[in-house]
Structures are given as C-alpha cells and as structure tokens.
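Here the structure is laid out as structure tokens; the discussion comes afterwards.
The values are calculated or read from the model by the stated rules, or taken from the named source; none is laboratory data. Just so you know, these numbers come straight off a predicted model, no measurement behind them. Heads up, the Cβs are rebuilt from the backbone with ideal geometry, glycines too, and the neighbour counts pull from every protein chain shown.
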Amino acid sequence: MIDEIVARLADKPGALMPVLHAVNERVGFIPPDAVPAIARALNLSRAEVHGVISFYRDFRIEPPGRKIIRVCRAESCQAMGAVALAAHIQARLEIDFGQTSGNGDFTLEPVYCLGNCACSPAIVVGDDLHGRVTPRRFDEILSKIGPDTRQPR
C-alpha cells in the first residue's frame, strides 16, 4: 500500500508532503517502517523524512483512537472556558493531550484555532465541530459517540 502511494505521487514536485499526507490519510498514521521506503523512493535520507513527520502536528507515527477529539487552545476559547473544559475532558477520558485512551476509543489533540471563535470554546469530535462546549455538554456529546462513556475514577 505504501509503495503504491509513493509510486503514484513520486513524480510530483515536492512529493514528500503529498506522499506523507496520503499515507497518513489511508493508514491513519505513518508507520515507522514506511520511512525507509519513502526515503528510498524519493531519494531522501531517513532523517529528512523523519524530520518532516516530526515537525508537522498532522502526521502521526502511532495509530489514532477510533475518534479524535480536538480542543481549541487559542485565545478566544481560552477566555471562554477552554482551560476548564480541557481539564474536564482529560479527566473524563483519563488521558492527556497527545495520548490515546487505553481502549483505543479516543485520541485527544490540542489545536490552536478552529475558526469558530464566536462560539468559544470549541472542539471537534471526529469531523463534527461543536461550539459553546461546557463540561456538561461535552459529556452529552461523549455519551452519543462511544461505548466507553464511564465517569473518571
């Protein structure tokens, strides 16, 4: 699958980014064993490929959870309660930013603007944008999306 993606995109100018985005999209992350194959095919060093992967937040090197929850950390959301909301979400899911729940259901990620400032604080769950999210509203959203909706211990 990786070889197929690289072969399809290798001739594009600046092919590394399109290749990495395609792999990330198709597989859900960029497997570490794909780095040497990508580097070889694009005539780059493994360090160059790894450097790009580690620089950009959108690229993952581990499988994400079934649902990705993104919490806006920008100024407007911070001013409207995102700090308390983030603490609630972390406690509820029992994970920190950048982590995936032990059961693989959720990955929690910070983002630095969702463009929904008028409805702060904002989160994205999967592909769904939610505004004016309170801890209570987050619990309601969570109860509708997954089997693991237990309260924190």
| request: Taking THR107 as meeting all but one of (1) touching a residue at least 40 places away in the same chain (Cβ under 8 Å); (2) among the polar types (S, T, N, Q); (3) over 28 Å from ILE5 (Cα atoms), write down the number of the exception. | output: (3)
| request: From (1) within 18 Å of the chain's Cα centre (by Cα); (2) surrounded by fewer than 15 Cβ atoms within 10 Å (Cβ to Cβ), pick out the condition that doesn't hold for PRO36. | output: (1)
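Name the residue, out of GLU94, GLU75, GLU4, that is charged (D, E, K, R), out of contact with any His (no Cβ under 6 Å at 6 or more places or on another chain) and over 28 Å from THR134 (Cβ atoms). It would help to see each step written out before you state the result.
Details: GLU94 fails: over 28 Å from THR134 (Cβ atoms); GLU75 fails: over 28 Å from THR134 (Cβ atoms).
Just one listed residue meets the conditions, GLU4.
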| request: Identify, from the list SER76, SER45, the residue that is in the same structural domain as ALA7 (by TED's automatic domain parsing) and over 13 Å from the mean Cα position of the chain (by Cα). | output: SER45
| message | Looking at the structure I just gave you, is ARG40 under 29 Å from THR134 (Cα atoms) and either free of Cβ contacts under 8 Å to residues at least 60 places away in the same chain or assigned to a helix (DSSP H, G or I) (or both)? | response | no
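Would you point out which residue out of GLY81, GLY98, GLY104, GLY115 is small (Gly, Ala, Ser) and touching a Gly at 6+ places or on another chain (Cβ under 7 Å)?
The unique qualifying residue is GLY104.
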| query | How many residues, within the range 79-123, are touching a Lys or Arg at 6+ places or on another chain (Cβ under 8 Å) and among the charged types (D, E, K, R)? | reply | 3
| request: Go through the range 78-98 and give me each residue that's polar (S, T, N, Q) and farther than 22 Å from LYS144 by Cβ. | output: GLN78
| Which one is surrounded by the fewest Cβ atoms within 10 Å (Cβ to Cβ) among residues in the range 82-125 that are acidic (Asp, Glu) and in a loop (DSSP other than H, G, I, E, B)? | ASP96
